[in-house]
Amino acid sequence: MPHDNCDQCQEDYDFDGERDIAVLYLRDADCNHIEAHCPFCQSTARIYVEPEIFISLLGQVSFRTVRMYSDAPDDIKAGRRSLEAPQKDEPKALPPSGWVRTEDLPQIPRNWLTNLWDTFREFGGES
Ligand SMILES: [Zn+2]
């Protein structure tokens, strides 16, 4: 089961499809994230997930709530950027509210992936 540890209380917890929310951006895929809720201290973390890993996560966790948007809002983009290039010109930039998951997760079947991306394209109105 995919999991993370809480940046507030350091407890390990599994992603929970009932509790956590998957947020997907069609044009800003690097801003895809999980709104994860720690069951121990109840804090919420925005965990940015690389696109391939995000797809894998969707195959493993039955998120009851999956939000899909075309573009990421500015605060989400800024949060994502602040994780990549912390404090250069803007030392007072938004503090990182999550982290980027980069480790590999198990593969899921390729045809499932293809179908999913077909669905995304339809949603985006591009064909
Ligand atoms: Zn916690």
message: Which count do you get for residues in segment 1-38 that are part of a loop (DSSP other than H, G, I, E, B), closer than 30 Å to Thr119 by Cβ and among the acidic types (Asp, Glu)?
response: 4
task: Those residues that are out of contact with any Gly (no Cβ under 6 Å at 6 or more places or on another chain) and either outside any loop (DSSP other than H, G, I, E, B) or surrounded by 17 or more Cβ atoms within 10 Å (Cβ to Cβ) (or both), I need them from segment 39-49; list them, please.
output: Thr44, Val49
- request: Take segment 10-38 and flag every residue that is within 10 Å of the ligand (Cβ to nearest atom) and either exposed (fewer than 14 other Cβ atoms within 10 Å of the Cβ) or touching a residue at least 40 places away in the same chain (Cβ under 8 Å) (or both).
  value: Gln10, Glu11, Asp12
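Condition check ((1) at pLDDT below 75; (2) under 24 Å from His3 (Cα atoms); (3) among the aliphatic types (A, V, I, L, M)) across all residues:
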| position | (1), (2), (3) |
| --- | --- |
| Asp30 | no, yes, no |
| Glu52 | no, yes, no |
| Ala78 | no, no, yes |
| Ser82 | no, yes, no |
| Lys92 | yes, no, no |
| Asp104 | yes, yes, no |
| Thr114 | no, no, no |
field: Complete set of residues in segment 39-58 that are closer than 14 Å to Gly79 by Cβ and more than 10 Å from the ligand (Cβ to nearest atom)
entry: Arg46, Ile47, Tyr48, Val49
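The values are calculated or read from the model by the stated rules, or taken from the named source; none is laboratory data. Every value quoted in this text rests on a predicted model; they were computed, and no experiment measured them. FYI the Cβ positions are ideal-geometry reconstructions off the backbone, even for glycines, and counts take in every protein chain you see.
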